[in-house]
Each structure stands twice: as C-alpha cells, then as structure tokens.
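Take a look at the structure below.
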Amino acid sequence: MKTFRRVLGFAKPYHKHFPQYAVFAFLAILFNLLNFTLLEPVFAIIFDTIKPEELEKLAREVPRGFNPEYFTSLFYQKFISVKETYGKGSTLIYVSIVIGFSALLSNLFTYISNVIMGVVRANVIQKVRNKIFLNTTGLHLDFFSGERKGDIMSRMTNDIQEIEITVVSAIKVLFREPMTIIVLLSYLFITSVELTLFTLVFFAIMGVLISEIVKRLKKKAILSQESLGRIVNIMDEVFSGMRIIKAFNARGYVNETFNKETTTYRKVNISMARKNELASPTSQFLGISVVATLLVYGGTLVLNGESDMKASELFVYIIVFSQILNPVKSLSQSISNIQRGIASAERVFRLIDEQPKIQNQATPVVKNDFKDAIEFKGVGFAYEKEQILKDINLTVEKGKTIALVGSSGAGKSTLVDLVPRFYDVTEGQIKIDGVSLQAVEIDSLRALMGIVTQESILFNDTVARNIAFAMPGAKEEDIIAAAKIANAHDFIMALEDGYQTNIGERGSKLSGGQRQRLSIARAVMKNPPILILDEATSALDTESEKLVQQAITNLMKNRTSIVIAHRLSTIQHADEILVMQKGEIIERGDHDSLMAMDGTYTRLINMQSI
Ligand code: ADP
C-alpha cells in the first residue's frame, strides 16, 4: 500500500486533471447508459410489448425528480407523440438517430477522458524515469559493477513500463470503473431491488476469488522482473564483448547461458500467465451464469405476472447488467496489474532510495584552484575485506610529475582513483592544499582534474561534442586548438564531416590511437591544473604511439600530473617514480637514483628493453 501511494504521489502535481477526468468519464458513462435505456421505450412502443392502458398512463404522468424514471417517461412521451404523428417506421429512424447521437457523445467523452489520463501517465513516467536516472548517475562507482548494469537498465525500461500500466490501472480503479459500476448499479436498483440484491451475491463471490488470484501473482511478478534484469545484463555483456566471444568460439557457451535465463523467465511467466489470465474468464463465466439465472428467475416472474416489471424492462435490465460485467472484469484485471506494478515499483524505488557512498559534507569547502600540493598520509584502502593499499605516503607538489609503476594488480589504478574521490580512503588521509579531500566539495574537486584512462570513453556524438564534453557553450576555435595540441586536428579534418562527424557508439568508427587523442583533446579542453593519466600506448602501433605520446607530453606541460606508466621509457623524466607491489610503495626516487639501487625498477627496465 505504501508503494502504491508513492507511485500515486508522482501523479500529485497533476491533481487538477483528476476532476476533469472524473467529469468526462462520468458523462461518457451516462450517455452509454442512456443508449440502453432508450431501447426500452422503443421496444415497448414499436413492438407493442406494453398494454395500451399502461402506455396511456405513461404518456400522461411525468414522475417528479431527477431520476431515470423521469427520463424514461420523457422518452415515452416524445416517442408516443412521434409515433402518432409520423408512424412506426419514422419513429424507428428517429430513435436510431437519438441513439447514434448519444453513442457519439459517449465515445467523445471517453476519448477526452482517456487523453487526460494519457497526459497524466506520460508526465508521471517521465518524472519517475528522470528521478531514477538522476539518482543513479549520482551513485558511487562500485555500484555499477557488471551484474548491476543490466539490472539498472532493466529497472529503467521494463519496470517503468510496468509502473506505467499501474498508473493507468490505478486511475481506472480509483475513478472510472467504480463510477461506472455505481451508475449502472443505481439504475439496476431503481429498476428492481430484488433482482439486484441477488446479483450482489455474485459480486461478493467474485471479489473473494479475484483477491486470492492477485495474492499469488505478486510473488511471481518480482521473480519475473529480476530474471528480465539478468537477461538484459547478459545481452549487454555479450554485445559489448562480441570480438572476444567470436575469438574464443564462445557462442555456444553464451547461448547456453542465455537460454538458461530465458528458460527461468519463461517458467515464471507461464506460471504468472496461469494466474493472471484466470481473473478475466472467471469473472466472465460467473457473470454470464448470473445473466442466465436472471433470465430464468426474472423471466418467470414476468411471465407469471408476479412482478410489476415489464418484459421490456427485464430485457434492458439484463443488457445493463451485462454492461456492468466489463467494468467489473476490467477492475479485477486492474487490481492484478497493480500488483505487478507494485513489484516493479519496489525495484525502482530501491534504486531511487539508494544513497551514494561518496557525499559532500554538510558545509563543504569549495576549491577553485590548486595552489600547493596533494598529500597522502598513511593511506590504506580496501574495496571489501582485502587490504589493497597499505600505508601510502606521498606528496605531489604543484607542477611536478609523479609516475606509478609496478606489475598489474599492484594497486596503481586504485591509488589514482582516490584522488578525485571515486572511492574514499579507509585509513589515513589525503589532503589537497592542506584540506582533507572529504571536506572539499566534490564537483569543485573534480573540476580541478583531467582524467585520461586506458580505454578512451567516448560517446555516440560528433567529434566536436566529444572534445567539448559537457561544455555546451564551447567555442569552435577552442575545440580546434585543443585538438591541435592533442595531435588530433589532422585526422579529424580528414574525416567525412570534420569536427561534425559522428564517431559511432563508443567511438567505434575510429582507430585506437585516434580515440586516445580525442580523449587527450578533451582533457586539454577542460584545461585542469591536475592530470591523472593511465598511460596506454602499449596497444598502439609505433606511429600512433608516437603521436599519442607527443599529445600526452603537450598535455602535461605546466600541469601537475600523476601518471600510471606502462612503458617505462615515457616517464624517465618524472620528478618522482614510485614502484608499487601488492599495494605498497617498495622503491621511490628519480630514474637515476632508482637505477643506482639496482632493485625492482632496474629489473622492470631491463625486462622492457629486451
Ligand atoms: P593496477 O592498476 O596496479 O593493475 P588495481 O588498482 O587495478 O591494480 O587493482 C588492485 C587490486 O584491487 C587487484 O587485486 C584488483 O583485483 C582489486 N580491485 C580493483 N578494483 C576492484 C573493485 N572495484 N572491487 C574489488 N576489488 C577490486
């Protein structure tokens, strides 16, 4: 119930639409009912199912008050006079026109009310989707591990679609269907209290049955959405890693994994379909059974003259009763939809409620420039239990270049990730110009840093917009200047549309070296005082490597840099080189002093120069 209310909470800003909706829905229901009640006088008058003296009475007396009898009697009078003036055939045409007109109005009002509902639904969904996206993009990096990504995407697409159905169902449950049922039931009560009390028993039985079905449905709905999340995840992983899958002939393997998950999904959904699809035929069957019973029971009363109901009245009564079946059916369907929607809403809300691990303090220090140094004091770090970094002490002075070297898994990337606060230290402290990183306002801290990683992260957009990433107002000449510094201008000009060329998803239309240089141009464009480089020239051919290396050298000019070096030849001029092993700094100094030590660094240099 709490979740349901929260979904509806998103519709609150649109509350002014609800009275409009209610009015139009009510009018639609009324004109629909009118259609059927019009049939009664037609049958009575045209086909002479009413005794002449009764007709006489109806024509004379008009009951007072705003109720169906008043309208029925008005119709009788009108039709009688039309019949007397123009004859039976013309009356039939006259009645048909009235029915057609009333049907037109009823459908017009249905249309208007549905459009209002559509507007509310579209607005609510946009709000929910934006809210989940906004919150998710603010979450800490390790939230987005492989398995989570597919789940997050599934929540943002499939679960939100389920919520969409919930919103529609909720509006139906809260407004339209109950209103239809009340209007139609009132008509039935006015026509015959006896018969209507009898039909109420039917609704009670149906209510019990449907609520039982619905209870079982929700549990399955959660399983189903979770499985869908895993399916999206597998697809994401497989399509991103197509090259490797082909190289390793792993199609069979991934197909099997995919098949296993789709089998789970199929089973859950079949079980869900069994329950879900039960609601509607159950109510339909029960309903028709009641109609049949009514026909026998009411028909006998009329035939034996035991009721003051006319045959035409019984006829219309049964038609109106059958009209009630649809909203009742739709109500039961809506209630089961809502259950599925609530299961989805719970998954969506969990994501909306997820708190980022890295947050600003209550009154953070906004840092607009970098003046002095970044200091690591006794820093330790663990992602989970295992200690990854131990007792790191390091000072990166303004204008200097610090290089990190060491075997893979030594903790180099982890160490640099602590500087822009992608993660927070678990021991010790990092300070920037004497202020603890935790006290600095996160956006202002990150604005001081440019990051170029091993895999260039590019977006499906133009070259220009990838260079001026998140800078909508950037000037063209600045973008070109940045590209020139990054050795990228020439290849960009050779592209089909130059700076306006779309580079495809993740820059797939460019070579590895070109992608690297675009990433470097992006960092130049941002022009940050501090640079974090995960040097990746190893995957490039010699020509590309030279261009990229030159671009990096240009980028580093007049900045403070922390560089993860893969090619040791590139960092020989670094002010300090730190050799890392198993999360610790085991050697430090400049190139010459490290070589003089004849330790791990010398060994690494010798290995690379073979
Ligand atoms: P390097 O950059 O020197 O190759 P990393 O800093 O990437 O080393 O990794 C250091 C250790 O931390 C490795 O043992 C790696 O498995 C672990 N590690 C890296 N990222 C994560 C993560 N997000 N969660 C858990 N462990 C991680």
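The values are calculated or read from the model by the stated rules, or taken from the named source; none is laboratory data. As the structure is a computational prediction, the values presented were derived from the model and not from experiment. Backbone-built Cβ (ideal geometry, glycine too); neighbour counts: all protein chains shown. Surface accessibility is based on the protein's heavy atoms, side chains included, excluding ligands, DNA and RNA. Shrake-Rupley method; radii C 1.70, N 1.55, O 1.52, S 1.80 Å.
Across segment 570-595, which residue is surrounded by the fewest Cβ atoms within 10 Å (Cβ to Cβ) among those that are away from the ligand (no atom under 16 Å from the Cβ) and in contact (Cβ under 8 Å) with a residue 40 or more places away in the chain?
His573
Would you check which residues across segment 296-325 are of a type in the set (S, T, N, Q), free of Cβ contacts under 8 Å to residues at least 12 places away in the same chain and not in a helix (DSSP H, G or I) and list them?
Within segment 296-325, Asn304 is the sole residue that qualifies.
Determine whether Ser344 is touching a helix residue (DSSP H, G or I) at 6+ places or on another chain (Cβ under 8 Å) and modelled with pLDDT under 85.
No.
Return the residues of segment 534-562 that are at pLDDT 90 or above and closer than 22 Å to Lys484 by Cβ; say none if nothing qualifies.
Those that are at pLDDT 90 or above and closer than 22 Å to Lys484 by Cβ: Arg559, Ser561.
Is it the case, given these coordinates, that Phe422 is hydrophobic (A, V, I, L, M, F, W, C) and open to solvent by 40 Å² or more (accessible area, probe 1.4 Å)?
Considered against the rule, which asks whether it is hydrophobic (A, V, I, L, M, F, W, C) and open to solvent by 40 Å² or more (accessible area, probe 1.4 Å), Phe422 comes out as yes.
Any residue in segment 358-373 that is within 30 Å of Gly9 (Cβ to Cβ), out of contact with any Phe, Trp or Tyr (no Cβ under 7 Å at 6 or more places or on another chain) and within 16 Å of the ligand (Cβ to nearest atom)?
Scanning segment 358-373, I find at least one residue that is within 30 Å of Gly9 (Cβ to Cβ), out of contact with any Phe, Trp or Tyr (no Cβ under 7 Å at 6 or more places or on another chain) and within 16 Å of the ligand (Cβ to nearest atom), so the answer is yes.
What number of residues within segment 384-398 are away from the ligand (no atom under 16 Å from the Cβ) and open to solvent by 50 Å² or more (accessible area, probe 1.4 Å)?
Selection size over segment 384-398: 4.
For segment 244-277, how many residues meet the condition of being farther than 30 Å from Val214 by Cα and aliphatic (A, V, I, L, M)?
Of the residues in segment 244-277, 5 are farther than 30 Å from Val214 by Cα and aliphatic (A, V, I, L, M).
Just one of the numbered conditions (1) within 16 Å of the ligand (Cβ to nearest atom); (2) exposed (fewer than 15 other Cβ atoms within 10 Å of the Cβ) is not true of His140; which one?
His140 satisfies all of (1) within 16 Å of the ligand (Cβ to nearest atom); (2) exposed (fewer than 15 other Cβ atoms within 10 Å of the Cβ) except (2).
Output the number of residues of segment 190-208 satisfying the condition of being buried (at least 16 other Cβ atoms within 10 Å of the Cβ) and assigned to a helix (DSSP H, G or I).
Going through segment 190-208 one residue at a time, the tally reaches 7.
Which numbered condition trips up Arg155, out of (1) open to solvent by less than 40 Å² (accessible area, probe 1.4 Å); (2) closer than 29 Å to Gly229 by Cα; (3) over 12 Å from the mean Cα position of the chain (by Cα)?
It fails just one condition, (3).
Quick one: which of Lys172, Lys218, Lys246 is over 15 Å from Gln333 (Cα atoms) and open to solvent by 40 Å² or more (accessible area, probe 1.4 Å)?
Of the residues listed, the single one that is over 15 Å from Gln333 (Cα atoms) and open to solvent by 40 Å² or more (accessible area, probe 1.4 Å) is Lys246.
Residues that are of a type in the set (Asp, Glu): which helices (runs of 4 or more DSSP H) entirely in segment 492-610 hold 2 or more of them?
Correct list: 542-556.
Do you know which residues across segment 399-445 are touching a residue at least 12 places away in the same chain (Cβ under 8 Å), part of a helix (DSSP H, G or I) and away from the ligand (no atom under 12 Å from the Cβ)?
Leu437, Gln438, Ala439, Ile442, Ser444, Leu445, listed by residue number.
Among the residues in segment 375-383, are any under 18 Å from Ser561 (Cβ atoms) and either more than 10 Å from the ligand (Cβ to nearest atom) or not aromatic (Phe, Trp, Tyr) (or both)?
The answer is yes; a qualifying residue exists.
A quick yes/no check of all residues on (1) more than 29 Å from Leu404 (Cβ to Cβ); (2) open to solvent by less than 70 Å² (accessible area, probe 1.4 Å); (3) modelled with pLDDT under 85:
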{"residue": "Leu448", "(1), (2), (3)": "no, yes, no"}
{"residue": "Glu455", "(1), (2), (3)": "no, no, yes"}
{"residue": "Ala481", "(1), (2), (3)": "yes, yes, no"}
{"residue": "His489", "(1), (2), (3)": "yes, yes, no"}
{"residue": "Leu518", "(1), (2), (3)": "no, yes, no"}
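Give me the residue from segment 227-243 that is touching a helix residue (DSSP H, G or I) at 6+ places or on another chain (Cβ under 8 Å) and open to solvent by 60 Å² or more (accessible area, probe 1.4 Å) and, out of that set, nearest to Thr263 (Cα to Cα).
Arg230
What are the residues in segment 546-569 that are open to solvent by 30 Å² or more (accessible area, probe 1.4 Å) and either of a type in the set (A, V, I, L, M, F, W, C) or more than 22 Å from Gly399 (Cβ to Cβ) (or both), if any?
Lys546, Leu547, Met556, His566, Arg567, Ser569
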